[in-house]
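These notes are about the structure you will find just below.
The values are calculated or read from the model by the stated rules, or taken from the named source; none is laboratory data. Computed from a prediction, not measured in an experiment: that's the story for all the values here. Cβ placement follows ideal geometry from the backbone for every residue including glycine, while neighbour counts extend to all protein chains displayed.
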């Protein structure tokens, strides 16, 4: 009886492990997804998103102070110029000091906002030194990713049906599961080159702080450097046709050794083996 129970438990554990391997989503945590009752931006997973969140915090402080100041002026005006205190209406037409103040102060506020905004736009637009480049191509209605620095192979990323999602990747939220994720190494400066094959699309991953409109016949550039391993998700943010809402973006960030293994597998699948390996593989057949 004990032996049967032991074999049953081992069999159950093996089945669970098999499901995890078959699903293919358990190697890294699923971290880049929204949560119920979430407010503010998602957590920052790239340096760009960190700076974007910092700018958002600065703007929140500025707009809060402006709102409080305007509220104080309204309360003062209601109290100071109430009809009981001013039975005779004022005939004042202008005040030079006030007019200069409410012109100069907003300009200064806009300058304070503009300087970090332009810095952030430039910071997220160009990357001086990139370790690798990935070309993102939007299609109706799926994404393809080309890896020119790793042998020039490409993969297509299409949404999974609900039935396939439940079977293969049950932990991935609905409408975000794809058959092939864009795989990238962590801690690496990655240049993203975006274009489209048919209509405009939007390659957007909130946790990365990147939102690039990809346009047929043009190349748009951005970059990412992901801090930690995991699955991250986004969606097409440019209305592109009938199935616009079924174009999820899935990115799997892995360690550099694991990324190298994945690249080798994809190169073999694409027939990009070195000549020596091809010769060795075909030698038995020739004999």
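General remarks:
- Listed conditions (1) touching a strand residue (DSSP E or B) at 6+ places or on another chain (Cβ under 6 Å); (2) under 23 Å from residue 215 (Cβ atoms); (3) assigned to a helix (DSSP H, G or I) are all met by residue 149, apart from (2).
- Candidate set from region 213-232 (those that are crowded, with 21+ Cβ neighbours inside 10 Å and under 20 Å from residue 34 (Cα atoms)); member that is nearest to the chain's Cα centre (by Cα): 232
- Which listed residue, of 142, 147, is over 23 Å from residue 238 (Cα atoms) and either surrounded by 18 or more Cβ atoms within 10 Å (Cβ to Cβ) or outside the structural domain of residue 253 (by TED's automatic domain parsing) (or both): 147
- Meets criteria (out of contact with any strand residue (DSSP E or B) (no Cβ under 8 Å at 6 or more places or on another chain), assigned to a helix (DSSP H, G or I), touching a residue at least 12 places away in the same chain (Cβ under 8 Å) and outside the structural domain of residue 185 (by TED's automatic domain parsing)) for residue 74: no
- The residues of region 156-214 that are in a loop (DSSP other than H, G, I, E, B), under 15 Å from residue 233 (Cα atoms) and in contact with a strand residue (DSSP E or B) (Cβ under 8 Å, 6 or more places away or on another chain), listed by number, are 158, 160, 171, 172, 173, 175, 176, 177, 179, 180, 181.
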